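The values are calculated or read from the model by the stated rules, or taken from the named source; none is laboratory data. Please read these numbers as outputs of a predicted model, since none were measured by experiment. Because the Cβ atoms are built from the backbone with ideal geometry, glycine has one as well, and the counts that use them run over all protein chains shown. Calculation scope for accessible area: heavy atoms of the full protein, side chains included, ligands and nucleic acids excluded. Shrake-Rupley method; radii C 1.70, N 1.55, O 1.52, S 1.80 Å.
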Amino acid sequence: MDLGNLVAIIALGGIPVTALVGHWQKRAVLAQAEAAHRTAMAQAEAAHRTAMEVAEKNHQSALEVLRRQNRAETERRKREERHARYMGMQNALSEMREAVFAEPFDQLQVRAAGSHVHRAEHALAIHAVSERVATLARSVTYVALGIIWPRHARSPISAADAPRYWAEVVAPLRRELDEAIRDELEAEVETENHSPGTL
């Protein structure tokens with residue numbers, strides 16, 4: 001059936017042709033609007049997904065930066081604590097050395113300084129990175145405390161012999177400890193300079 005016959009049938013049915021054409025036009029406009037709406041919704045969803053992906057990446061990047069900063073801050077605090085413990089050990093040994101070489105020799109002052117060395121060694125052992133530093137700290141403490149707590153009552157170190165004992169037995173170990181601490185601190189700086197987060 002062609003268009004002319006269709007128009008004739010519609011005219012016979014009493015439906016105005018203009019109403020039918022208007023209805024078809026309205027349906028076409030609605031179909032176009034529906035298609036435009038679907039396209040707009042698809043674009044909005046794609047834009048939303050892209051925005052969410054970008055936000056997630058930014059969030060992950062921010063979290064990674066925060067994790068790196070936290071790690072760096074933790075390492076910095078540990079380093080500072082280690083340095084403080086190393087300085088504490090060195091200061092305690094210096095205090096004991098001064099007490100050993102003081103004139104007149106004061107056994108109570110030497111004992112008090114020895115107690116400081118003992119406490120400093122324990123604090124250092126908790127924070128030392130290398131076993132070498134911890135071992136040398138134990139060794140120098142052990143021999144330094146030999147002045148006030150001799151292993152054998154039959155062979156005490158006398159006030160007259162204490163300075164020579166310090167110079168010949170304690171001082172060489174202390175120099176080794178100084179060197180081990182210096183090596184450890186230099187290794188820390190080297191590691192820090194070559195870490196990926198370093199600018």
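If only one of Ala134, Ala128, Ala144, Ala162 is of a type in the set (A, V, I, L, M) and either out of contact with any Phe, Trp or Tyr (no Cβ under 9 Å at 6 or more places or on another chain) or open to solvent by 80 Å² or more (accessible area, probe 1.4 Å) (or both), which one is it?
Ala134
Report whether or not Leu63 is more than 19 Å from the chain's Cα centre (by Cα) and either under 28 Å from Asp183 (Cβ atoms) or open to solvent by 20 Å² or more (accessible area, probe 1.4 Å) (or both).
In short, no.
Let's see how each residue does on (1) modelled with pLDDT of 90 or more; (2) over 30 Å from Arg68 (Cβ atoms):
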site	(1), (2)
Pro104	no, yes
Thr135	yes, yes
Glu168	yes, yes
Glu188	no, no
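Among the residues of region 174-195, what is the count of those that are over 17 Å from Glu131 (Cβ atoms) and of a type in the set (Gly, Ala, Ser)?
Selection size over region 174-195: 1.
List the number of the failed condition for His122; all other conditions in (1) at pLDDT below 90; (2) under 26 Å from the mean Cα position of the chain (by Cα); (3) farther than 23 Å from Asn193 by Cα hold.
The one condition His122 does not meet is (1).
State the number of residues belonging to region 93-111 that are open to solvent by 50 Å² or more (accessible area, probe 1.4 Å) and of a type in the set (Gly, Ala, Ser).
0
State yes or no: is Arg27 of a type in the set (Lys, Arg), open to solvent by 90 Å² or more (accessible area, probe 1.4 Å) and at pLDDT 90 or above?
In short, no.
How about region 90-112: which of its residues are free of Cβ contacts under 8 Å to residues at least 40 places away in the same chain and within 36 Å of the chain's Cα centre (by Cα)?
Within region 90-112, Asn91, Ala92, Ser94, Glu95 qualify.
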